[in-house]
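The values are calculated or read from the model by the stated rules, or taken from the named source; none is laboratory data. These numbers come from a predicted model, not from an experiment. So basically every Cβ, Gly included, is an ideal-geometry build from the backbone, and we count neighbours across all protein chains shown.
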Amino acid sequence: MTSAQPAAHPAPTASPARAPAAQDDSVAALHALVLQSLDDDQAQEMVTIPLEGKSSIADHMVIASGRSSRQVATMAQKLAERIKRETGRIARIEGLPVADWVLVDAGDVIVHLFRPEVRSFYNLERMWGFVDDAPGAVAN
């Protein structure tokens, strides 16, 4: 008769929900998706502001203009639909009724879509230190 020995169990390994490299790839893919969607919808004067290390709200802020309130609203809705379809994320949208300034919050990427006059009034690029990249900005 042989005695039964307990089966050896391998030590549990910690597997992070999201490895840092996978997270970086995910953020980069989301950022590329946002830029491609806006480009497809003929957004004007797109600017990306890297926020990683500057703010905890997101890793990237994208600012773009549309020619009219209708175009701004359409770009925001299409962007949110594309993000959901391709990543499974639900992007929140603020400002659609008037569509002078629409915010699309996709988590790691925040998108501000403006009519040109409203964009120049608020001048977010300057607030975040991107004066040289701002539309119509003059370098000192």
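If you go through the stretch 72-90 and pick out every residue that is of a type in the set (A, V, I, L, M, F, W, C) and more than 19 Å from Met46 (Cα to Cα), you end up with 1. All conditions but one from (1) of a type outside the set (A, V, I, L, M, F, W, C); (2) assigned to a loop (DSSP other than H, G, I, E, B); (3) touching a residue at least 40 places away in the same chain (Cβ under 8 Å) apply to Pro97; the one that does not is (3). Here is the figure for the stretch 90-100: residues that are surrounded by fewer than 16 Cβ atoms within 10 Å (Cβ to Cβ), under 12 Å from Leu79 (Cα atoms) and not basic (Lys, Arg) total 1. Out of all the residues in the stretch 81-88, is one or more at pLDDT 95 or above, among the aliphatic types (A, V, I, L, M) and surrounded by 16 or more Cβ atoms within 10 Å (Cβ to Cβ)? Looking through the stretch 81-88, at least one residue is at pLDDT 95 or above, among the aliphatic types (A, V, I, L, M) and surrounded by 16 or more Cβ atoms within 10 Å (Cβ to Cβ).
Kindly indicate the residue of the stretch 109-140 that is assigned to a loop (DSSP other than H, G, I, E, B), out of contact with any Phe, Trp or Tyr (no Cβ under 9 Å at 6 or more places or on another chain) and modelled with pLDDT under 65 and also farthest from Ser26 (Cα to Cα) among those meeting that condition.
Out of the qualifying residues, it is Asn140.
Taken together, the residues in the stretch 101-117 that are buried (at least 17 other Cβ atoms within 10 Å of the Cβ) and within 14 Å of Ser68 (Cα to Cα) amount to 5.
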